[in-house]
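Novice: My questions all concern the structure below.
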Amino acid sequence: MTYPGGDGMHYLTCRDIESGHEYWKQPIVGEVITAPIIESDNVYCACLDGTGYCFGALDGELIWKEAMLLTSSPLIYKDNIYASVREESDDKDEYGNIQYEGLGAISKRAGELTGDLIAKTKADYLRAEVNRKTAYAELQKSLDASVGFGSAPSSAKLEQGMTNLGVFSVSGIWAYQGSRAMVYKGDIIQARGNEIIRQVGDSEDNRWTYTYKGATDETRLLAPPAVAGEYLFTCTSDGYLLCLSINDGRELWKYKVGEPMRFQPALWKGRVYFTTDTGKLFCIDTKNPEVDGWMMWGGDSTHNKILE
């Protein structure tokens, strides 16, 4: 788990689940994007400012720390880490420097990018100046005020999220998922902006691309997908649960909720569980036993489920 300390630092800590006894803690530069990731004997995380970390899970030893403009929590697969990465262009428009995002393949041993960003595209959703003009910006103000954060504490380090992720509120940071990748039969799947892309391995080639045309002024419309059997599920910021074919990206059905959603759904024993921005919990019974096994964010308790 992570938490802000009283010394201006954040900390990643390992504790006993029964007693709360602290085994180790290590300083990190800020809040973690979504959650730490466990793979083998290591713990990986990405912070709001884009810094990536790798620690030993048993003793907390810092194995590497790299500033690389990460914009999602890492996924560890074979010898690499896969995460979305921001790249700032020298070109400018009325909002400032144009931002791009692509999939980064990072050596899990050294914490270094192994090449150029894969499938790099323009990413207005990473720009605070663009996001401030959306209806979601007003909702974030209301949500912050409702839990006593009308003025965010300095310990939240919102400036990190604003600069790297385009997010400028406490509720926005809590809800932020990014373009978090997942692996299905060796392919990498990401939701970016209004698209879900299934790439052939970690190449520039796509098996399919699904484009969602939502009724919203936001530029990030889709939550990271959850997959079970031959089905992919995602939630939308304009209030729909979508079910796609994992094989060709066809939209099979959608369910209207009517409230914005940003979190990855959970799948268990034929049912889909998902939440809204305002804290409502929904459950849909698909009556399909294949819809099972994705029980939490990231698929399981390591948050690094791989579907081979």
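Every number here is computed from the coordinates shown, using simple stated rules; none is lab data. Just so it is clear, the model here is predicted, and its values are computed rather than measured. Note that each Cβ is placed from the backbone with ideal geometry, even for glycine, and that neighbours are counted across all protein chains shown.
Novice: Take the Cα pairs of the range 1-117, get the Kirkwood Rh, then feed it into Stokes-Einstein at 37 °C and 0.692 mPa s and tell me D in µm²/s. Walk me through the numbers on the way to the answer.
Specialist: On the way: Rh = 15.1 Å.
The estimated diffusion coefficient comes to 217 µm²/s.
Novice: Thr71's amide H: which non-local residues (gap 5+, or another chain) put their own amide H closer than 5 Å, with H modeled 1.01 Å from N in plane and none for Pro or chain starts?
Specialist: Sorted by chain and number, the residues that satisfy this are Ser84, Val85, Arg86.
Novice: A further question on this structure: Please compute the length gained on full extension between Val147 and Glu259, using 0.36 nm multiplied by the number of residues separating them and subtracting their Cα-Cα distance.
Specialist: 38.4 nm
Novice: Okay, moving on. Could you give each residue of the range 163-179 its phi-based ³J(HN,Hα) in whole Hz, using Karplus coefficients 6.51, -1.76, 1.60 with θ = phi - 60°, and x for Gly or Pro?
Specialist: Working through the residues one at a time gives 6, 8, 10, x, 10, 10, 9, 5, 5, x, 5, 4, 8, 5, 10, x, 8 Hz.
Novice: Straight-line reach from Lys120: which aspartates and glutamates have a Cα under 19 Å away, not including same-chain ones fewer than 8 places off?
Specialist: List returned: Glu87, Glu88, Asp90, Asp91, Asp93, Glu101, Glu112, Asp187, Glu195, Asp202, Glu204, Asp205.
Novice: On to the next question. Place the peptides 260-273, 226-239 in order of packing, highest mean first, counting for every residue the other Cβ atoms within 10 Å and averaging per peptide. Please report the intermediate quantities before stating the final value.
Specialist: Working: 260-273: 19.9, 226-239: 22.4.
Per-residue mean Cβ counts within 10 Å order the peptides as 226-239, 260-273.
Novice: Counting only residues 5 or more places away or on other chains, whose amide H sits under 5 Å from the amide H of His10 once H atoms are built in the peptide plane?
Specialist: It is Gly5, Ile28, Gly30, by chain and number.
Novice: Through the Karplus equation 6.51 cos²θ - 1.76 cosθ + 1.60, θ set to phi - 60°, convert the phi angles of the range 120-137 into ³J(HN,Hα) values in whole Hz; use x for Gly and Pro.
Specialist: So the Karplus estimates, Gly and Pro as x, are 5, 9, 4, 9, 4, 5, 9, 10, 4, 4, 6, 5, 5, 8, 9, 5, 4, 4 Hz.
Novice: Let me ask something additional. Rounded to whole Hz and in sequence order, give me ³J(HN,Hα) for the range 27-37 from the Karplus expression 6.51 cos²θ - 1.76 cosθ + 1.60, θ = phi - 60°, writing x for Gly and Pro.
Specialist: My calculation for the range 27-37 gives x, 10, 6, x, 4, 7, 6, 6, 6, x, 10 Hz in order.
Novice: Beyond 13 Å, what share of the Cα-Cα pairs of the range 152-215 remains, rounded to the nearest whole percent? All intermediate terms of the calculation are to be shown ahead of the outcome.
Specialist: Values: 1396 of 2016 pairs.
When every Cα pair of the range 152-215 is considered, 69 percent fall beyond 13 Å.
Novice: Mind giving me the nanometre distance, one decimal, between the label points for Met9 and Ser301, set 7 Å out from Cα along Cα→Cβ?
Specialist: In this crude label model, Met9 to Ser301 measures out at 2.9 nm.
Novice: Name the long-range amide H neighbours of Tyr77: under 5 Å, sequence gap of 5 or more, or other chain; modelled H, no Pro or chain starts.
Specialist: Tyr82
Novice: Over all distinct Cα pairs, what is the inverse of the mean 1/r for the range 175-308, reported as the Kirkwood hydrodynamic radius in Å?
Specialist: Value: 14.6 Å, from the Cα pair sum.
Novice: Continuing with this model, one more query. Listed here are the pairs Lys280/Lys305; Lys25/Lys65; Lys213/Lys254; which of them are more than 18 Å apart at the Cα?
Specialist: On the way: Lys280/Lys305 26 Å; Lys25/Lys65 15 Å; Lys213/Lys254 13 Å.
Long pairs (Cα-Cα over 18 Å): Lys280/Lys305.
Novice: Follow-up question, since we're still on this one. Which residues in the range 11-42 place their backbone N less than 11 Å from a point set 7 Å from the Cα of Leu58 along the Cα-to-Cβ direction?
Specialist: 41-42
Novice: Okay, next question. Can you give the Rg to Rh ratio of the range 70-156, both from alpha-carbon atoms, with Rh computed by the Kirkwood formula?
Specialist: Details: Rg = 16.7 Å, Rh = 15.4 Å.
Result: Rg/Rh = 1.09.
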